[in-house]
Every structure is written in C-alpha cells, then in structure tokens.
C-alpha cells in the first residue's frame with residue numbers, strides 16, 4: 001500500500017511540488033493503480049503469448065527488408081560539408 005509519505009518522496013525525486021490537496025489526491029489515485037496492478041499479477045497467464053499490442057493492428061507496416069542503398073559518394077554529394085567520409089555537423093557548443 002502506498003501512503004502520503006511515499007507520494008511526497010516520489011514527488012521530491014521527480015522535483016514536483018505538490019500541494020496538500022494534490023498529495024492527498026495522488027495518494028488515493030496511486031493506491032488504486034497499484035491495486036489494479038496487483039490484481040493483474042494474480043491472473044493465470046500460462047499459455048498466453050506476450051503481445052506488443054492489446055488490440056489487433058489494422059495498418060501494419062511493411063516488413064523491413066534490406067534493399068539497394070545509395071553509395072557513400074551519392075549520399076554525400078549534396079551535403080553542405082563533409083569530413084572523413086561522413087556528414088560534418090556543427091558542434092552543439094558553436095551556438
């Protein structure tokens with residue numbers, strides 16, 4: 001069970017400032033969430049395959065199949081700047 005001190009501790013770690021009312025509300029909401037997670041943990045899931053989606057995916061992407069690609073020279077031909085066979089990008093410190 002989660003209590004108000006736990007909520008305030010997590011809020012402090014996340015650098016969140018909660019009012020007393022928010023801390024009380026979050027304590028109740030998080031307690032309900034944890035209760036649901038506990039109930040899910042009690043389910044018999046033997047034989048249930050893991051899934052990435054809980055519902056059928058209607059618009060699946062095509063399979064990722066390797067194909068022909070540009071040569072290094074063609075890829076770099078339109079680059080504004082190159083160095084050592086790659087794209088040259090400005091340093092983040094440059095400003």
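The values are calculated or read from the model by the stated rules, or taken from the named source; none is laboratory data. Because the structure is a prediction, the values reported are computed rather than measured. Here the Cβ is made from the backbone with ideal geometry for all residues, glycine too, and neighbour counts use every protein chain on show.
Give me a count of the residues in region 33-53 that are part of a loop (DSSP other than H, G, I, E, B) and within 24 Å of the chain's Cα centre (by Cα).
Counting residues in region 33-53 that are part of a loop (DSSP other than H, G, I, E, B) and within 24 Å of the chain's Cα centre (by Cα) gives 5.
Assigned to a helix (DSSP H, G or I), out of contact with any strand residue (DSSP E or B) (no Cβ under 6 Å at 6 or more places or on another chain), in contact (Cβ under 8 Å) with a residue 24 or more places away in the chain and surrounded by 11 or more Cβ atoms within 10 Å (Cβ to Cβ): does that describe residue 30?
The answer is yes for residue 30.
When you go through (1) at pLDDT 90 or above; (2) assigned to a loop (DSSP other than H, G, I, E, B); (3) over 30 Å from residue 86 (Cβ atoms) one by one for residue 56, which number turns out not to apply?
So the condition that residue 56 fails would be (1).
From the list 80, 66, 92, which residue is at pLDDT below 90 and out of contact with any strand residue (DSSP E or B) (no Cβ under 7 Å at 6 or more places or on another chain)?
Matching residue, one of 80, 66, 92: 92.
Quick test of your reading of the structure: residue 1 fulfils all but one of (1) in contact with a helix residue (DSSP H, G or I) (Cβ under 7 Å, 6 or more places away or on another chain); (2) modelled with pLDDT of 95 or more. Name the failing condition by number.
Failing condition for residue 1: (2).
State the number of residues belonging to region 59-95 that are out of contact with any helix residue (DSSP H, G or I) (no Cβ under 7 Å at 6 or more places or on another chain) and part of a loop (DSSP other than H, G, I, E, B).
24
Can you tell me how many residues within region 17-27 are in a loop (DSSP other than H, G, I, E, B) and either modelled with pLDDT under 95 or in contact with a helix residue (DSSP H, G or I) (Cβ under 8 Å, 6 or more places away or on another chain) (or both)?
The total comes to 2.
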